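Participant: Okay, handing you the structure first.
Bear in mind that the values in this text are calculations on the coordinates, not laboratory data. From a predicted model like this one, the values you see are computed outputs, not experimental measurements. Cβ placement follows ideal geometry from the backbone for every residue including glycine, while neighbour counts extend to all protein chains displayed.
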Amino acid sequence: MTLVIAFTGAVGAVICGDRREIRFYEGGDSETLEYELYNGIIKTDDELMERSRDLDVRIEIKDDKEKVFASGDLLVGVVTSYSADERRQRRMYLAPGRYLIADVVNDQVRVTGTGGSAFLVFGNVVTKKLSNEVISRAKKPKTLSDAVMVLMRAMESVSQRTASVSRAYSVVQRPPLREYPEGLLQDALLRDMEKNHWRML
């Protein structure tokens with residue numbers, strides 16, 4: 001129930017995140033509701049509320065969760081999911097021209113991706129597919145403004161086609177660094193590990 005998309009390259013880095021958080025309470029057929037929501041069957045908020053009543057599932061929708069933010073010269077995006085026995089976070093750390101992706105499961109961290117210039121998308125099957133449709137049609141950004149516009153078009157397109165993300169979203173950007181200190185992204189992850197008492201796998 002989230003969408004975080006980003007670009008990092010020689011022109012700088014930018015990240016966008018929707019603000020939706022949906023809580024499902026016990027009772028009713030929540031499994032069917034989640035399936036329909038995350039597979040693009042439910043497209044609008046009105047459809048979501050109507051379907052939740054049909055399936056007798058009580059939900060709470062909030063559109064005030066910040067999933068992207070700046071941390072010094074870096075940008076960070078976080079998506080979180082919960083189950084009965086698992087708390088999972090997926091985090092992307094961006095510096096202009098570099099990225100690092102880490103998965104945190106029950107306070108254990110694994111680095112699952114690193115690289116250079118790229119578009120990155122965190123979301124469910126439908127939000128990722130819709131975002132990548134917009135990104136694949138875009139030309140390679142020549143400026144940071146170009147990259148910002150591509151991501152904004154993707155956010156707006158997805159929000160009109162699924163109720164799993166909010167219409168409102170946040171945008172944070174950073175211009176190119178004059179110098180890229182080695183280990184900048186890894187140091188940011190290590191600080192978060194120390195702060196949150198996470199352990200590296």
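Participant: Using DSSP to call loops (not H, G, I, E or B), can you name the GluC sites (Glu not before Pro) in the range 1-63 whose Cβ has at most 14 other Cβ atoms within 10 angstrom? Could you put the intermediate results ahead of the total?
Facilitator: Values: sites: E21, E26, E31, E34, E36, E47, E50, E60; in loops: E26.
Hits after loop and neighbour filter: E26.
Participant: Work from the charge dipole of the chain (Cβ charges, +1 for Lys and Arg, -1 for Asp and Glu, about the Cα centre) and give the residue of A138, V125, L177 farthest towards its positive end.
Facilitator: L177
Participant: Magnitude of the Cβ-charge dipole of the range 150-201, K/R +1 and D/E -1, about the Cα centre, nearest 20 debye?
Facilitator: Details: 8 positive and 6 negative charges, 60 e Å.
Dipole about the Cα centre, nearest 20: 280 debye.
Participant: Loop-only chymotrypsin sites (Phe, Trp or Tyr not before Pro) in the range 1-63, please: DSSP not H, G, I, E or B, and at most 11 other Cβ atoms within 10 Å. Please report the intermediate quantities before stating the final value.
Facilitator: Values: sites: F7, F24, Y25, Y35, Y38; in loops: Y25.
Loop-located and lightly packed - Y25.
Participant: Ok, one more. Between E133 and E31, what length in nm is gained on full extension when 0.36 nm per residue of separation is reduced by their alpha carbon distance? Numbers along the way, then the final one.
Facilitator: On the way: separation 102, 0.36 × 102 = 36.72 nm, distance 2.75 nm.
The span from E133 to E31 would gain 34.0 nm if fully extended.
Participant: Based only on other Cβ atoms within 10 Å, what is the fewest-to-most ordering of L185, L190, L120? Write down the numbers at each step before the final one.
Facilitator: Numbers: L185 23, L190 14, L120 19.
Starting with the residue having the fewest Cβ neighbours, the order is L190, L120, L185.
Participant: Counting only helical runs of four or more DSSP H residues, what would the 222 nm mean residue ellipticity of the chain come to if each run contributes -39,500 (n - 2.57) and the total is spread over all its residues? Mind dumping the intermediate values first?
Facilitator: On the way: 5 runs with 61 residues, N = 201.
Taking each H run of at least 4 residues, the total per residue is -9500 deg cm²/dmol.
Participant: Would you please classify the overall shape of the range 141-201 from the alpha carbon gyration tensor, given that a ≥ b ≥ c denote the square roots of the eigenvalues, rounded means a/c under 1.5, and beyond that prolate means a/b larger than b/c while oblate covers the rest?
Facilitator: Values: a/c = 3.68, a/b = 1.42, b/c = 2.59.
Oblate shape, in that a/c is at least 1.5 and b/c is the bigger or equal ratio.
Participant: Can you tell me the relative contact order of the range 76-122? Whole percent, Cα pairs under 8 Å, sequence separation 6 or more. Could the numbers behind the result be given before it?
Facilitator: Working: 80 pairs, mean separation 12.8, N = 47.
Once divided by the residue count of the range 76-122, the mean separation gives 27 percent.
Participant: Quick check: residue separation of D103 and A168 times 0.36 nm, minus the Cα distance between them. What number comes out in nm? Before the final figure, lay out each step's value.
Facilitator: Details: separation 65, 0.36 × 65 = 23.40 nm, distance 2.57 nm.
Between D103 and A168, full extension yields 20.8 nm more.
Participant: Just want the ordering: Y169, Y180, from fewest to most Cβ atoms lying within 10 Å of their own Cβ.
Facilitator: On the way: Y169 24, Y180 14.
Least crowded to most crowded, the residues run Y180, Y169.
Participant: Which of G77, G17, G27 ends up with the largest GNM mean-square fluctuation for the chain, with Cα atoms connected below 10 Å?
Facilitator: Per the Cα network of the chain with a 10 Å cutoff, G27 tops the list.
Participant: Counting other beta carbons within 10 Å of each Cβ, put D54, D73 in order, fewest first. Spell out each step's value before the answer.
Facilitator: Numbers: D54 12, D73 16.
Fewest-to-most Cβ neighbours within 10 Å comes out as D54, D73.
Participant: Here is a follow-up. To the nearest µm²/s, what D does Stokes-Einstein give for the range 1-87 at 20 °C and 1.002 mPa s, using the Kirkwood radius over alpha carbon pairs as Rh?
Facilitator: On the way: Rh = 14.9 Å.
Rounded to a whole number, D works out at 144 µm²/s.
Participant: Classify the range 95-197 from the C-alpha gyration tensor, please: rounded if a/c falls under 1.5, else prolate or oblate depending on whether a/b exceeds b/c.
Facilitator: Values: a/c = 2.22, a/b = 1.31, b/c = 1.69.
Taking the square roots of the gyration eigenvalues as a ≥ b ≥ c, the range 95-197 is oblate.
Participant: Right, something else. Just the projected area, averaged over all directions, of the convex hull on the alpha carbon atoms of the chain: how many nm²?
Facilitator: Values: hull surface 45.1 nm².
Mean shadow area of the hull around the Cα atoms is 11.3 nm².
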